[in-house]
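Since the structure comes first, as structure tokens, the remarks are kept for the end.
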Amino acid sequence: MNAPQKYVFRFGSSHTEDSADMKNLLVREMILADTETDRRKALTKLLPIQRGDFEGLFEAMDGLPVTIRLLDPPLHEFLPHDDANQRLMAADMQVSLGKIKMRVEELHEFNPMMGHRGCRLGISYPEITEMQARAVFEAALNMQAKGIRVKAETLRWACAANTVATRPRWHFSTAPDSTM
């Protein structure tokens with residue numbers, strides 16, 4: 001199946017957490033980061049991969065509308081919950097098993113639908129939304145420069161209060177200026 005068929009089959013949407021191994025490793029690196037500076041380092045490595053994903057998507061869809069859902073699953077979904085896989089991850093990432101176990105515990109949610117996802121994730125870690133906005137805009141500009149038509153939208157997160165819903169929008173209003 002070629003890319004347009006794949007994405008049309010998936011209702012013309014792209015989920016940014018659809019991950020290859022490298023992307024998943026970098027997302028895990030970002031999740032395990034202790035500081036914003038360390039998160040931004042991981043996101044800097046993730047940016048060209050995300051941008052490339054969007055460029056491929058825009059090229060394949062050439063003029064067809066695309067809705068992009070930004071990273072919003074609970075972060076704990078990216079981490080293993082069983083001891084054996086936590087040990088593998090610790091060895092692969094060269095971090096302590098204790099650090100992984102502690103982060104899994106910190107991210108545990110009793111009700112994931114009310115947990116740390118969507119707009120709440122973007123408010124707690126605005127650098128994630130900034131990176132994704134930058135990747136979308138840079139990809140769109142790169143493809144338009146090659147003559148490829150881009151019709152992209154981002155899926156807006158469901159939020160209970162309008163003031164919460166508009167906070168991540170700042171990242172989208174500032175990203176294009178810095179990419180032009």
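The values are calculated or read from the model by the stated rules, or taken from the named source; none is laboratory data. Computed from a prediction, not measured in an experiment: that's the story for all the values here. Every residue, glycine as well, gets a Cβ built from its backbone with ideal geometry; the counts of neighbours run over all protein chains shown.
What are the residue pairs meeting all of these: first residue in segment 72-93, first residue touching a residue at least 24 places away in the same chain (Cβ under 8 Å) and hydrophobic (A, V, I, L, M, F, W, C), second residue surrounded by fewer than 18 Cβ atoms within 10 Å (Cβ to Cβ) and not in a helix (DSSP H, G or I), Cβ atoms under 6 Å, and 6 or more apart or on different chains?
M89/P80
Return the total of residues in segment 67-109 being modelled with pLDDT under 90 and among the hydroxyl-bearing types (S, T, Y).
Residues that pass the stated criteria total 1.
Among the residues that make up segment 113-123, is at least one of them among the charged types (D, E, K, R) and modelled with pLDDT of 85 or more?
Looking through segment 113-123, none of the residues is among the charged types (D, E, K, R) and modelled with pLDDT of 85 or more.
Given the condition of a type in the set (A, V, I, L, M), in a helix (DSSP H, G or I) and farther than 22 Å from R134 by Cα, answer yes or no: does some residue in segment 66-85 qualify?
Looking for residues that are of a type in the set (A, V, I, L, M), in a helix (DSSP H, G or I) and farther than 22 Å from R134 by Cα, one finds at least one in segment 66-85, hence yes.
Can you tell me which residue within segment 23-40, out of those that are free of Cβ contacts under 8 Å to residues at least 12 places away in the same chain and assigned to a helix (DSSP H, G or I), is farthest from M102 (Cα to Cα)?
Top of the filtered list is T37.
Which pairs do you get when a residue that is free of Cβ contacts under 8 Å to residues at least 24 places away in the same chain and within 16 Å of P65 (Cα to Cα), found in segment 140-153, comes within reach of a residue that is of a type in the set (A, V, I, L, M, F, W, C) and surrounded by 18 or more Cβ atoms within 10 Å (Cβ to Cβ), reach meaning Cβ atoms under 9 angstrom, with the pair 6+ apart or on two chains?
Sorted first by the residue in segment 140-153, then by its partner, the pairs are Q144/F58; Q144/V150.
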